[in-house]
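The structure appears right after this line, and notes come after that.
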Amino acid sequence: MHNVYAIEDVSTVEFTYKVMYDGAVKYTEKVDAVIGEAFPQLPSLPDFVSTQYPAGEVEASDENKEFELVCEAALPFKTSDSYNNAVWYYMNIHDDSPTYLCYNAAKDYIIANESSYPLTDSDAYIWAFIGNPFDGFQIVNKAAGETKLLSSPNDPTGNKNATELARMVANEDATGNKVWNVKKTTHANAANGAFYIEHPTAAAYALNRQDYDATRALCY
């Protein structure tokens, strides 16, 4: 008696996606795709970023081709390309009541002020995002000035040590990250448009409000 086996005939091709954003190539990625199926989607696009994939089905003639993927971002804020033309925002750390990020010039680290609204005309409460979703965002404060940015150690390990707090540092003196990844929040109680910022080399540590001390310091 002979056994009979069905062998599926699946043919694939390899081609390249060239990922474009704001007129620049951000990266290229080799893709294996099955002939006769829809063009596969990339799993690696940053949060808030979308693109249109080639229409139709993959064909044998697509082998070794290059396809441009032009990306767009629907971020919850307007981005800036420099401090001098920045779009400034208040940043609300939403909890049971609104609290706002504030730069403490005396200590350099960041606090969430227990206030229903930021102090009138106080630049310490005003922030901007310089960059893009692919390369990360420098986060600057109007009171701190254009020479400082929000940074944190490359290897944050706790939330009680003042040296591990997120703080404003001079750009040239930053020993940790100079940019942050902006991520979609998945918390069930998050308001529309909510987001958080993530340490790029220690993704398990996000910047959130913690009960560190009476100043409501932002820490890991």
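The values are calculated or read from the model by the stated rules, or taken from the named source; none is laboratory data. Because the structure is a prediction, the values reported are computed rather than measured. Cβ: placed from backbone, ideal geometry, glycine included. Neighbour counts: every protein chain shown. Only protein heavy atoms, including side chains, enter the accessible area calculation; ligands, DNA and RNA are left aside. Shrake-Rupley method; radii C 1.70, N 1.55, O 1.52, S 1.80 Å.
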**Item:** Options 73, 86: the member that is surrounded by 13 or more Cβ atoms within 10 Å (Cβ to Cβ) and touching a Phe, Trp or Tyr at 6+ places or on another chain (Cβ under 7 Å)
**Value:** 73
**Request:** Confirm whether residue 19 is modelled with pLDDT of 95 or more, within 26 Å of residue 137 (Cα to Cα), β-branched (Val, Ile, Thr) and not in a loop (DSSP other than H, G, I, E, B).
**Result:** yes
**Neighbours by Cβ (under 7 Å, 6+ apart or cross-chain): first from the stretch 87-112, within 17 Å of residue 137 (Cβ to Cβ); second modelled with pLDDT of 80 or more and charged (D, E, K, R)** = 87/78; 88/142; 110/167
**Asked** Given (1) touching an Asp or Glu at 6+ places or on another chain (Cβ under 8 Å); (2) open to solvent by less than 30 Å² (accessible area, probe 1.4 Å); (3) hydroxyl-bearing (Ser, Thr, Tyr); (4) at pLDDT 75 or above, where does residue 201 come up short, assuming only one miss?
**Response** (2)
**Request:** Working only within the stretch 43-67, note down all residues that are surrounded by 15 or more Cβ atoms within 10 Å (Cβ to Cβ) and farther than 21 Å from residue 137 by Cα.
**Result:** 54, 58, 62
**Message:** Among the residues of the stretch 17-42, what is the count of those that are open to solvent by less than 60 Å² (accessible area, probe 1.4 Å), among the small types (Gly, Ala, Ser) and within 20 Å of the chain's Cα centre (by Cα)?
**Reply:** 1
**Message:** Could you check the stretch 122-142 and list, in sequence order, the residues that are of a type in the set (Val, Ile, Thr) and open to solvent by 10 Å² or more (accessible area, probe 1.4 Å)?
**Reply:** 126, 130
**Prompt:** Just wondering, is there one or more residues in the stretch 156-166 that are at pLDDT 85 or above and either within 30 Å of residue 21 (Cα to Cα) or over 21 Å from the mean Cα position of the chain (by Cα) (or both)?
**Reply:** no
